[in-house]
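Here is the structure we will look at, set down as structure tokens.
The values are calculated or read from the model by the stated rules, or taken from the named source; none is laboratory data. Bear in mind that the values here come from a model prediction, so they are computed numbers and not experimental data. Neighbour counts are summed over all protein chains in view; Cβ atoms, including those assigned to glycine, are modelled from backbone coordinates with ideal geometry. For accessibility, only protein heavy atoms count, side chains too; no ligands or nucleic acids. Shrake-Rupley method; radii C 1.70, N 1.55, O 1.52, S 1.80 Å.
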Protein chains: 2
Amino acid sequence: MNLTDQEIARASTMRPINQIAQKLQIDEDELRPYGKYVAKLPLRLIDESKMIGKKLILVTAITPTVAGEGKTTASIGLCEGLNKIGIKTAVVLREPSLGPVFGMKGGAAGGGYSQVLPMESINLHFTGDFAAIEKSHNLLAALLDNHIHQGNTLNIDARKIVWKRVMDMNERALRDIVTGLGGAAQGIPRESGFDITAASEVMAALCLAKDLVDLKEKLGNIIVAYTYDNQPVYARELKAQGAMTALLKHTIMPNLVQTIEGNPAIIHGGPFANIAQGSNSIIATRMGLSLADYVVTEAGFASDLGGEKFLDLKCQYGGLKPDLAVIVTTIRALKSHAGVKFEALKEPNAEAVKVGLENLEKHIENIKHFMLCPVVAINKFYTDTDEEIDIVLKRCEALGVKAAISEGWEKGGEGCIDLAKVVKEVAESGKSNFTPLYNFDWPIEQKIETVARKIYGAAEVEYSLKAKQQIRLFNKIGLDKVPICIAKTQYSLSDDPKLINRPKGFTIKIREFDIAAGAGFIIPIAGTIMRMPGLPSKPAAENIDIGADGNITGLF
Amino acid sequence: MNLTDQEIARASTMRPINQIAQKLQIDEDELRPYGKYVAKLPLRLIDESKMIGKKLILVTAITPTVAGEGKTTASIGLCEGLNKIGIKTAVVLREPSLGPVFGMKGGAAGGGYSQVLPMESINLHFTGDFAAIEKSHNLLAALLDNHIHQGNTLNIDARKIVWKRVMDMNERALRDIVTGLGGAAQGIPRESGFDITAASEVMAALCLAKDLVDLKEKLGNIIVAYTYDNQPVYARELKAQGAMTALLKHTIMPNLVQTIEGNPAIIHGGPFANIAQGSNSIIATRMGLSLADYVVTEAGFASDLGGEKFLDLKCQYGGLKPDLAVIVTTIRALKSHAGVKFEALKEPNAEAVKVGLENLEKHIENIKHFMLCPVVAINKFYTDTDEEIDIVLKRCEALGVKAAISEGWEKGGEGCIDLAKVVKEVAESGKSNFTPLYNFDWPIEQKIETVARKIYGAAEVEYSLKAKQQIRLFNKIGLDKVPICIAKTQYSLSDDPKLINRPKGFTIKIREFDIAAGAGFIIPIAGTIMRMPGLPSKPAAENIDIGADGNITGLF
């Protein structure tokens, strides 16, 4: 009854990966295997003509709380449920980062009876994608420092280097460092730092690229620094993009694994959902749509972050047209939005549920802003009362929104049949008519204000002096006709993590911009953002072990 | 005629890896594939009973010069030649580091018609072993800094941290850094740095480990720092070894690939040959001996560095008994040792060859010190004259040492049949009676002086005050009964890189010691050593590219 995710995973019988491939009509010869249960898929499996009429289901959530929502678990469960009712469905997800695995959160391969397998491989190294992205990113950093050390013919101002290094680790001690100490043979001393690999622009570029050639062009367009006369310096001027792309030769290929019930899962890329787009690669989504009839995919955090970026940034770049969005909620999280403390979440509290519903309602509205039909999935927890659940179902009904209970964690696909039926009904209804919120060629301020007002519910947007100067620069250097990727806290619809539930009348303050000229977007920064997490006082790594038999324990 | 290594590799037809496995009677089910041409091998294939009577051939070389010796190429060629004369032979090698690939040297998978394939995969990421070792190493660093940040209950003196971070990259700017800047939320400011991943103690430990349990114990025994009262702090006190070993679950398995002629090559681990043991894992060598009749293996640099460490450190830890040592030389390198400048090496110069032979003679003596029969392999270059080669052959004959020309680069196995026949004859003669130079339980000074006098040809050994203090410490904390791994320049038998050929009457100066308490050795440091290389003014990375077809170019 109280099995850990890892125990459930180990008790499951995995099928050889060629059997999973067969379900998608992929010939065994097309697979690039990594062990018996994982394979990379060649890009030639993407076929525009086969994508016609396929259904793309986005899974998003209400604003995150300490209670957790179980979005990945719900996505995997929905995939199982859809397959159970006879729809050939693939779930397409991000790859886990090692930071959370060794830090607070543990693994990221679903939970309970809705997991992707082999969970240990997926959580630890997988097919080496993160390591390759890290190496590609850091090669550019090494070439940059070396260029300056060797004579600096590009006239780079070392104080204006914007390319840091990355490491897939929670490493607070590397956030702010000074490099190049030790004398003339060791390069030039300067301030720098490390971000976590998920925050790398190489990760963002890979996940927005069409193919190797497009990726190489994106990597060449990365701005690494500015010259003494403030001209941007591009990666291509360091002749870096060829070797950087060569390092990603296999990384660009999506990874095929399986769910506990033996359905196909495609896992590829893992960009952050605050400073980057927060969802798996365009290549993986398009491949899923070429191979399956339904694709269930997930975007990071709630509809205001990963959801909005998926719909505005990724769908426009990838030519994707989602058919509906599932909004995952839990009763506990709704109570949390009403201000109930963590310890009291297990107590029945119908009034708190009613209050917290305001947050869910806002996310429903957000999805509707994209002319998409929302479906609410109530991720059931054993402490939920019928009364509490009924309140949510009734409110959804009143709003004309379909809702269903999702019990994927406890029951796998069997627990998601109701949700699957609702999703099928809404997807086939043709009522969605996906329309992004903005066009890339709108002025920068108009794009930001549209997202802030419509999606966050802000009353106003304020720009710092620096942000205003940067907007003028972007207009000048032609970096204005790209999508925006607003970085803000995930814990609030506003830019203040303390404003839970549905804050109103607030101002979004754009402090400054980061740029991802290679990946193809700019990052308005609202509030403080974290590009490199730290380990907690009791790191999860302390509990991870491996026995003589090679069995890994302590990986949740 | 003038094909690059990469063009030759691409023109070769690779066999599916299960066919290579068949040659070693490995069942396809035992393989953990990484694509179609690479597989990891389970440790259960090591079988002590099958190692009896097998022949282990060490390939070493004369002192390196700018001319190059082609030791890896000779090793692969010898494997091809032995297979051609009907002996089931596997070549067992180290994995390449990305540092040289992007820096000066290029790939490290052999050359010409003596290469291991697929060379692009082997040179770029391969099966992710270096990345996993890097992550395992850096996880320990993160846990260490986090421990201090979270309250430092172990009383670690942050000024006495000896555990740095690693990156598989030529990164001079990371040699000396200050981490933890930016205020109390970012840890504690302290001096630190990065080594290249090949220099990681995790790499050294992996390559000396018997199995997962032994590896975990070694990792737990790593000394990371000292307390304020100078007590060593071990990785196990940070509860790091479980997660560190879990990250290496697959990395501990050797990698099977193929030579151009379709013979088995086992490639595993890549520790430095100055501050570490400089040869592939014990696991890989023992597996090779369990599966093939002859194993050809290579150790880094010349007989005084990788050679000595292979014979004293690795063979004693691994219970290995080599049957002979091949000393690779080139006519050009001999002339170089006579002081001939690089540009003039192509000119015939019989007198210079005679002078440079002194270096070869010393390495022949060194091998004999281990009661091993040496075989000299003259790696032929097109500028070599018959007269020059004849001088070498005659000198060897006078010394009673078998010699043969090796033309593996130009002709593959066909060019190594003579060498193979000589190797077979000597190996089967039973004249070798391998005896290590020292026992682990000798006093530290005696071990150092034995290597310095017998192998380097030093007249004396001098210890700095610090080194003497450290020896006292090691005696006190029980770190004296371990092998030594002397770090010194590879360019001279002495500790002065300018003293080429066969210097005499010199003093070896032990400046200080590094320790690898987990891997199980101490490192007397003679002269300056480099644990993190830098990129040259024209990094090889600038020429590496990848096309729309996924073909990588510029990788030599």
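Evaluated against (1) among the small types (Gly, Ala, Ser); (2) surrounded by 21 or more Cβ atoms within 10 Å (Cβ to Cβ); (3) within 14 Å of another protein chain (Cβ to nearest Cβ), residue B:220 falls short on exactly one condition, (2). Suppose the filter is farther than 30 Å from residue A:504 by Cα and open to solvent by less than 50 Å² (accessible area, probe 1.4 Å); does residue A:459 pass it? In short, no. Scan segment B:515-534 for residues that are of a type in the set (Val, Ile, Thr) and either out of contact with any strand residue (DSSP E or B) (no Cβ under 7 Å at 6 or more places or on another chain) or at the interface with another protein chain (Cβ under 9 Å from one of its Cβ atoms) (or both) and the total you get is 1. Residue B:145 fails exactly one of the following numbered conditions: (1) under 30 Å from residue B:287 (Cβ atoms); (2) assigned to a helix (DSSP H, G or I); (3) not small (Gly, Ala, Ser). What is the number of that condition? With (1) under 30 Å from residue B:287 (Cβ atoms); (2) assigned to a helix (DSSP H, G or I); (3) not small (Gly, Ala, Ser) applied to residue B:145, the lone miss is (1). A Cβ distance below 6 Å, combined with a sequence gap of six or more or placement on separate chains, defines the contacts here; from segment B:355-378, residues that are touching a residue at least 12 places away in the same chain (Cβ under 8 Å) reach residues that are part of a loop (DSSP other than H, G, I, E, B) and among the small types (Gly, Ala, Ser) in the pairs B:355/B:338; B:356/B:338; B:372/B:432; B:373/B:432. With the structure loaded, tell me whether residue B:196 is open to solvent by less than 30 Å² (accessible area, probe 1.4 Å) and within 10 Å of chain A (Cβ to nearest Cβ) or whether it fails that test. For residue B:196, the condition - open to solvent by less than 30 Å² (accessible area, probe 1.4 Å) and within 10 Å of chain A (Cβ to nearest Cβ) - is not met. Sub-7 Å Cβ pairs linking a first residue in segment A:515-534 that is closer than 17 Å to residue A:469 by Cα to a second residue that is in a loop (DSSP other than H, G, I, E, B) and of a type in the set (Asp, Glu), at least 6 apart or interchain, are A:526/A:495, ordered by first then second residue. Scan segment B:140-156 and give yes if some residue there is under 26 Å from the mean Cα position of the chain (by Cα) and either in contact (Cβ under 8 Å) with a residue 24 or more places away in the chain or within 24 Å of residue B:470 (Cα to Cα) (or both), otherwise no. Yes - at least one qualifying residue is present in segment B:140-156. Please verify whether segment B:433-441 includes one or more residues that are within 27 Å of residue B:80 (Cα to Cα) and open to solvent by 10 Å² or more (accessible area, probe 1.4 Å). Yes, that holds for at least one residue.
Checking A:231, A:186 one by one, the residue that is without any contact (Cβ under 8 Å) to a residue 12 or more places away in the chain, open to solvent by 10 Å² or more (accessible area, probe 1.4 Å) and facing chain B (nearest Cβ under 8 Å) is A:186 and no other.
Screening segment B:520-535 for residues that are open to solvent by less than 20 Å² (accessible area, probe 1.4 Å) and under 30 Å from residue B:120 (Cα atoms) and picking the one that is farthest from the chain's Cα centre (by Cα) gives B:535. Kindly indicate whether any position in segment B:166-176 is more than 8 Å from chain A (Cβ to nearest Cβ) and under 22 Å from residue B:515 (Cβ atoms). Yes - at least one qualifying residue is present in segment B:166-176.
Could you list, in sequence order, the residues of segment A:341-371 that are at pLDDT 95 or above, buried (at least 20 other Cβ atoms within 10 Å of the Cβ) and not in a helix (DSSP H, G or I)? A:349, A:370 - these are the residues of segment A:341-371 that are at pLDDT 95 or above, buried (at least 20 other Cβ atoms within 10 Å of the Cβ) and not in a helix (DSSP H, G or I). Here the strands (runs of 3 or more DSSP E) wholly within segment A:451-534 that include at least 3 residues being of a type in the set (A, V, I, L, M, F, W, C) are A:507-516, A:521-526.
Scanning segment A:168-183 for residues that are of a type in the set (A, V, I, L, M) and without any contact (Cβ under 8 Å) to a residue 60 or more places away in the chain yields a total of 4. One residue stands out among those in segment A:535-553 that are in contact with a Gly (Cβ under 7 Å, 6 or more places away or on another chain) and in a loop (DSSP other than H, G, I, E, B): the one that is farthest from the other protein chains (Cβ to nearest Cβ), which is A:536.
Just a yes or no: is a residue in segment A:41-55 within 14 Å of chain B (Cβ to nearest Cβ) and part of a helix (DSSP H, G or I)? Yes - at least one qualifying residue is present in segment A:41-55. Scanning segment B:113-135 for residues that are of a type in the set (A, V, I, L, M, F, W, C) and facing chain A (nearest Cβ under 8 Å) yields a total of 3. Report whether or not residue B:96 is in the same structural domain as residue B:382 (by TED's automatic domain parsing), assigned to a helix (DSSP H, G or I) and not acidic (Asp, Glu). Judged against the criteria, residue B:96 is not a match. Against the conditions (1) of a type in the set (D, E, K, R); (2) surrounded by 19 or more Cβ atoms within 10 Å (Cβ to Cβ); (3) at pLDDT below 95, residue A:105 satisfies every one except (2). A single member of A:325, A:333 is closer than 30 Å to residue A:450 by Cα, small (Gly, Ala, Ser), touching a helix residue (DSSP H, G or I) at 6+ places or on another chain (Cβ under 8 Å) and assigned to a strand (DSSP E or B), and it is A:325. Taken together, B:477, B:515 contain a single residue that is more than 24 Å from the chain's Cα centre (by Cα) and either open to solvent by 20 Å² or more (accessible area, probe 1.4 Å) or among the β-branched types (Val, Ile, Thr) (or both), which is B:477.
Output the residue which, of all residues in segment A:406-424 that are closer than 20 Å to residue A:392 by Cα and of a type in the set (D, E, K, R), is surrounded by the most Cβ atoms within 10 Å (Cβ to Cβ). My answer is A:407. Per the listing B:467, B:540, the residue uniquely in contact with a helix residue (DSSP H, G or I) (Cβ under 9 Å, 6 or more places away or on another chain) and not assigned by TED's automatic domain parsing to the domain that holds residue B:97 is B:540. Taking segment A:116-141 as the range and being aliphatic (A, V, I, L, M) and part of a helix (DSSP H, G or I) as the test, the residues that pass are A:119, A:122, A:131, A:132, A:133, A:139, A:140, A:141.
Looking only at segment A:228-246, decide whether some residue is assigned to a strand (DSSP E or B) and touching a helix residue (DSSP H, G or I) at 6+ places or on another chain (Cβ under 8 Å). Scanning segment A:228-246, I find at least one residue that is assigned to a strand (DSSP E or B) and touching a helix residue (DSSP H, G or I) at 6+ places or on another chain (Cβ under 8 Å), so the answer is yes.
Annotation: of all residues in segment A:155-214 being part of a helix (DSSP H, G or I) and among the small types (Gly, Ala, Ser), the one that is farthest from residue A:243 (Cα to Cα) is A:173.
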